[in-house]
Amino acid sequence: MSVEENKLDELESQAAELRDKRNELYEKIKKIREERDRLNKTARATREQAHKHRDERDRVNAKVQEIKQNLGPLFEELDEKNQALAKADKLIKEDYKGLPSKKKVQEALRQIEWEVMTTPTKEMLGREDELIQRAAKLRRTLDEFKGIEQKQDRKLDYIADKKAVEIEISALREEINKLAEQSQEHHERMILLYDQADKDQEKADQTHTKYVEKIQEVESIKEELNLIMSEIKAIRDGLKAHDNRLDELRKMNTEQRAEALKQAALKKLENGEKLSFEDLKLIYGDEDDEEEIG
C-alpha cells in the first residue's frame, strides 16, 4: 500500500470520528433546545399567572379606595351626630340643674291632693289658696320634666342614628380588612410567581448559552471535517490520476512506456522533486547497458 493510500485511510478514519462526534452533538443540541424551550414556556406561563395576581391585587386595591371614599362622608355624618348628641346631653343637664327630684315632686303633689281631698272644709279655710299655689308650682315643675323627657327622647333618636352610622362604618371597615387580606395574598403570590419566573428564565438563558456553545462546537467540527474531506478528495483525485496514468502506460508498447516514464522522471528533476532509484535509471540509463554500448 502506498503512502498516499495509508494517508487516505488515516484521513477517512478521522473523518468518521468527526462525523460520529458531530452526530452526538446534534443529539445533545436537540435535547438542550427542547429543555430551553420548555423553560421559556414555563417562565412565560408563570409570569402570566403573576400578571393575573397583580391585576387582581390592583382591582381589590381600587375597591378599597372606593370604600374609603365612601367612609369620608360617613365619618362627617358621625361627627355631626356626636355633636348633636353632646349638645342635647348638655341641654338636658342644664335643664335638670336646680330641679328637685321628680319623684319627690310627684310625692309632694300627691300629698297635697290627698290633703285637700281628706281635710274637712272648715279646716281648709285659710289654707286652700296656699295649697292650690303649691300644687300649681309642683305641676309646673312636672311640666318642665315633661319637656326634658321630650329632649331625652330626641337624644335617644340621636343615639340610634349615631349607632346606625357606626354600624355602617364598622361594616365598611370589616370589608376593607377582608379586601386588604385578599390584596396581600395576591401580592405575595405575585411576588413568588415573578421570582419563580425569573429563575426559570435564568435557567432558560443558561441553557441557551449551552445551546450556542454546542452549535459553535458543531461548526468547528464541520470546518475541520471540510478540511479533511478536501484533503481526502485531493488524495483520491491524485490516486485516480495515478491509476489513469498507469492505464495509459499499460496501453503503450515497451519503448513508449519507457519514454513516458523517462519524461515523467525528467519533469520531476526539473521541478526539484526527490528522485527514486528507478527514476535515476530512467534518466541516466542502466550502467550495464552503457558498458555494452561502449
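The values are calculated or read from the model by the stated rules, or taken from the named source; none is laboratory data. In this text the structure is predicted, and so the values were computed from the model without any measurement. Here the Cβ is made from the backbone with ideal geometry for all residues, glycine too, and neighbour counts use every protein chain on show.
Below is a table of values for the structure above.
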item: Residue within the stretch 174-190 that is under 30 Å from Val105 (Cβ atoms) and either at pLDDT below 70 or assigned to a helix (DSSP H, G or I) (or both) present; result: no
item: Test: Gln206 is within 24 Å of the chain's Cα centre (by Cα) and touching a residue at least 12 places away in the same chain (Cβ under 8 Å); result: no
item: Test: residue in the stretch 51-62 that is under 30 Å from Ile191 (Cβ atoms), of a type in the set (A, V, I, L, M), assigned to a helix (DSSP H, G or I) and in contact with a helix residue (DSSP H, G or I) (Cβ under 9 Å, 6 or more places away or on another chain); result: yes
item: Count of residues meeting criterion [over 17 Å from Lys30 (Cα atoms) and basic (Lys, Arg)] in the stretch 196-214; result: 1
item: Long-range neighbours under 6 Å by Cβ, at least six apart or interchain, first residue under 24 Å from Thr46 (Cα atoms) within the stretch 170-192, second polar (S, T, N, Q) and surrounded by 12 or more Cβ atoms within 10 Å (Cβ to Cβ); result: Ser183/Asn61
item: Residue in the stretch 221-241 that is modelled with pLDDT of 75 or more, exposed (fewer than 14 other Cβ atoms within 10 Å of the Cβ), among the aliphatic types (A, V, I, L, M) and over 22 Å from Leu8 (Cα atoms) present; result: no
item: Residue count, the stretch 245-274 (criterion: surrounded by fewer than 10 Cβ atoms within 10 Å (Cβ to Cβ), modelled with pLDDT under 75 and assigned to a helix (DSSP H, G or I)); result: 5
item: Residues (surrounded by 11 or more Cβ atoms within 10 Å (Cβ to Cβ) and either farther than 21 Å from Leu85 by Cβ or among the β-branched types (Val, Ile, Thr) (or both)) located in the stretch 147-170; result: Ile148, Ile159, Val165, Ile169
item: Odd one out for Arg57 among (1) within 30 Å of Ile176 (Cβ to Cβ); (2) touching a Phe, Trp or Tyr at 6+ places or on another chain (Cβ under 8 Å); result: (2)
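Table: residues versus (1) surrounded by fewer than 17 Cβ atoms within 10 Å (Cβ to Cβ); (2) in contact with a His (Cβ under 6 Å, 6 or more places away or on another chain); (3) closer than 21 Å to Gln206 by Cβ.
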position: Leu8; (1), (2), (3): no, no, no
position: Gln14; (1), (2), (3): yes, no, no
position: Asn23; (1), (2), (3): yes, no, no
position: Glu27; (1), (2), (3): yes, no, yes
position: Arg36; (1), (2), (3): no, yes, yes
position: Lys41; (1), (2), (3): yes, no, yes
position: Thr46; (1), (2), (3): no, no, yes
